[in-house]
Every structure is written in C-alpha cells, then in structure tokens.
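The values are calculated or read from the model by the stated rules, or taken from the named source; none is laboratory data. Quick caveat: nothing in here was measured; it's all calculated off a predicted structure. Counting neighbours? That spans all protein chains shown, and the Cβs are built from the backbone with ideal geometry, glycine included.
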Amino acid sequence: MRDNNRIIRLVLVMLASLACGAAGVMPVAAKGTARPGPHQRVLYAHARHTGRAPSRRPGGAPRTPSHRPRDPGPASGPSPLGPGPVPAPGQPRNPFPPPGWPGDLRLPDLGDLRDLGNLGDLGDLGGVGIVGGLDTPGVPAPTQPPTMPTPTPPSTRNPHQRAGQSHVWPTTDDPRHHGAQIFQGWGFDICSAPSLDTMRAWRDSKYGAIGVYIGGRSRSCPQDNLTAHWVRRVTKMGWRLLPVYVGSQSPCATAERHRVNVIDEEDIDGQAAHEADDAVYNAERLGMERNSPIYLDMESYDTQYRFCTRPVLEFVQAWSRELRDRGYLPGFYSNVNAGIAQMERARRHGHPDLPDLLWFAHWGVEPDVYDEPKLSSGAWRPHRRVHQYAGDKRETHGGRTMVIDRDLVDAPVAIIRK
C-alpha cells in the first residue's frame, strides 16, 4: 500500500508539473527534491516570458535570445502580425494570437515619394494612392469607396490630361485669347542691351525682335542701357522685346559658373515665388505691362538623375504659378536636351503649372519652331515657341557689330506702356 501511495504521489506531481508548465508557471519543488540553481532560474524566467522551452549552451549557460527577425514560414509558428492581445490581469499570456490579429502592426514610413531615387518624373509612377484597407485577413476594408473627382469630359480634356484632373494645360490655345501680342519673324538675343545708336543702325537688318535680360540673380552681364526710357525708344523704332529672367539654376548645371546660384531645395516654392515677384517688379519698372511674357532662363544641366531634375520641375511650376497669378505669361528658355526635354516629359506625364511658352536652344540645325524632335508637334502652339538656332555669331549692320544668338520667333512679346 505504501508503495502504491508513493506511485500515486509521483503521478500527481508529474501531472501538476505538466499542467504548470503548460501555463508557464513552475511548481514549488517537492520535499526532498533539489531547488533550481541560478542558471535554471534564468531559464525558467525566459520560459515564462516567451512560452517556449529554453535551450542551453554547453555547460548549462543560457543562450542569449537573438534579435534578428525570424521568418516562421507559412502556417507555422506565431502570427507575424504581432504579439497578440494583452491578457487580462491574472491571466497567462497566450503566445499564439488568433489568426489575423493586427497586434503591433507597423507600416513602413514611405516618406516623400520624390526621395525614392532616380525614378524620373512622378508621372512615371502612374496612379499611386491608397484606395482601400490592408489586404490582410482580419483587417476590414472601408465600407465606403473613396470619393473620386469627376473626370473632365473627353471632348474638353487635353489628350495628355489624366482622368480625374480638372487642370487644362496652357499649351494648345492661342495666347492672343489671353491678351498677348504676337511677333512672327527673325530675332536675336544678346547679353547686354545695345545702345540706342546700335539698335537704330540694326533696323536695316532682317531682325525685328530682341531678347533682353531684365533681371535675376544669375544674370551676369551689365545692363547700363536697359531702362524704361530705352524700352520706349526702341519700341518706337519698331523693335519687339522678349524679356528674359536668369534666376536660380539646377544643382547639376553643366557649367560651373551656373552652379553658383542653385535652387534652394529646402524652400523651392518660396524661392520660386520670390524670384517671380522680382521678375514682375523688373518688368513693370521697365514699362512692360500685364499679358507680357517673361522667359525664365534655365541653363543646360544634367538630366540623368532625379536629384538634378526634380528641383528644376518644382521650381518652374512654382515660378509659373506665381507669374501667371500676377498677370504675366510664364515662358521657359533652356537647351533642347535639358530643360526643354524635361518640360515635354512633364507635359506627357500630366504635370500641371507648366510654362505657357517655350524658347529652345538647338544650334546647328535649320531654324524651325514647330519641327523640333524633342517636342510634340501638337503642344505649345500656336504662337508659343522661339527657336534659338545659332549662337555666338558676329554680325555687322549699319556699321555696328555685335555678337549675338539667332532666333526664329512665333511667340508673345512685351506689351509696352504708352
């Protein structure tokens, strides 16, 4: 009988131990058994915390738990979504939460999509957005679909405009509908405005328009002649003026001298608006009224990397918005392989707030405003283009010699206050 009682007692102790182990609690040692040593106590604490039996290193030392995430594989181990619900006081924690429990789910902070590297224009990303809940078991999706803007009817929407956008790109209608004055013919541009005598002597040339640099922190030539009086006098001679503003440049400008005043990436919109206001101030000071164009001069830059092109696009957009709000027509001058190619890509990708007018530099080819391969034949027309087809050319007319860039113009010119 004594032996039977001993056997029953041992069975009960074993059953109690199994039950306590399943609950994550270690039983009090039975009388006459050895108490756990320090290493064992550490292991038991680990077992209570994790709900898993600890492993040992040789010699009884516990193995330090690894902090490297472990992929349990499909349908094995704890749910990867998190540790599960917090148990009620006094209740043991279940280390295996029910399937689909969101727990401590953390979504990665995507930050600004513009910082994802060399992705090209944002239009390349297509329709990016969150339109529903997480596709995860146990996480319900929204009961109501997101409200989408009503698309513009196909008959009135620009063919390059995306569905859901109401902005009409200002690249395909006649600028005269907006109060512009158009010049069609030969023109030239020169760094410093010539004297009145030289302008009078050149009236015998084929040229009828001249590009003048009215301001900008990157303007490098002196403008001793360029005053409101000069503007009125040359206009009475019959000249038409193309105002140019040389502001901040791309951080990847090809020429080192053009990397002195680069776009401030910490405040692109503010800087662009400030420079647009300065351009309007200079135009008004020279007697150029509203509905006149102002061409932003963006010198050649590297377009291979997004950190070179993104600031330019955002700057041009903000500059164009501000200039348009002030009543002037935003134009844009650049090399055909740099800024012009980027503006065309931006237009195709549906970016808003692009310049109304393009002045593209493409030397060594026949002058033609509407046969430029880098531009769509249906965009920025009619009367919205200037082709700079040759540069640094020495010419003499009326006994006066100048080194000029040659242009073919079909675009708005400055409206001069009478």
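The set of residues from the stretch 365-401 being at positive phi and in contact with a helix residue (DSSP H, G or I) (Cβ under 8 Å, 6 or more places away or on another chain) comprises His383, Gly398, Gly399.
Entry remark, the stretch 208-217: residues being in contact (Cβ under 8 Å) with a residue 40 or more places away in the chain and either outside the structural domain of Asp189 (by TED's automatic domain parsing) or crowded, with 20+ Cβ neighbours inside 10 Å (or both) number 6 in total. Could you please find all residues in the stretch 274-318 being out of contact with any Asp or Glu (no Cβ under 9 Å at 6 or more places or on another chain), among the β-branched types (Val, Ile, Thr) and in a helix (DSSP H, G or I)? Val312 - this is the single residue of the stretch 274-318 that is out of contact with any Asp or Glu (no Cβ under 9 Å at 6 or more places or on another chain), among the β-branched types (Val, Ile, Thr) and in a helix (DSSP H, G or I). Counting only residues that are over 33 Å from the mean Cα position of the chain (by Cα), over 15 Å from Ile210 (Cα atoms) and assigned to a loop (DSSP other than H, G, I, E, B), the stretch 373-418 holds 4 of them. Taking the numbered list (1) touching a Cys at 6+ places or on another chain (Cβ under 9 Å); (2) loosely packed, with under 14 Cβ neighbours inside 10 Å in turn, Ser192 passes all entries but (2). When the stretch 379-417 is filtered for residues that are among the hydroxyl-bearing types (Ser, Thr, Tyr) and either within 21 Å of Arg203 (Cβ to Cβ) or crowded, with 22+ Cβ neighbours inside 10 Å (or both), the ones remaining, listed by number, are Thr396, Thr401.
Between Glu275, Glu284, the distinction of being surrounded by 22 or more Cβ atoms within 10 Å (Cβ to Cβ) and over 14 Å from Gln342 (Cβ atoms) belongs to Glu275 only.
Per-residue answers, yes or no, for (1) closer than 22 Å to Tyr305 by Cβ; (2) touching a Lys or Arg at 6+ places or on another chain (Cβ under 7 Å); (3) loosely packed, with under 15 Cβ neighbours inside 10 Å:
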residue: Asn225; (1), (2), (3): no, no, no
residue: Val234; (1), (2), (3): no, no, no
residue: Gly247; (1), (2), (3): yes, yes, no
residue: His258; (1), (2), (3): yes, no, no
residue: Asn261; (1), (2), (3): yes, yes, no
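The test for being in the same structural domain as Leu241 (by TED's automatic domain parsing), over 21 Å from Val244 (Cα atoms) and under 24 Å from the mean Cα position of the chain (by Cα) does not hold for Ser320. Residue pairs whose Cβ atoms lie under 6 Å apart, sitting 6 or more positions apart in sequence or on different chains, and linking a residue in the stretch 172-186 that is without any contact (Cβ under 8 Å) to a residue 24 or more places away in the chain to a partner that is in a strand (DSSP E or B) and surrounded by 14 or more Cβ atoms within 10 Å (Cβ to Cβ), do not occur here.
When the residues of the stretch 344-372 are narrowed to those that are in a helix (DSSP H, G or I) and out of contact with any Ser or Thr (no Cβ under 8 Å at 6 or more places or on another chain), which ends up surrounded by the most Cβ atoms within 10 Å (Cβ to Cβ)?
So, considering only residues that are in a helix (DSSP H, G or I) and out of contact with any Ser or Thr (no Cβ under 8 Å at 6 or more places or on another chain), the one surrounded by the most Cβ atoms within 10 Å (Cβ to Cβ) is Ala346.
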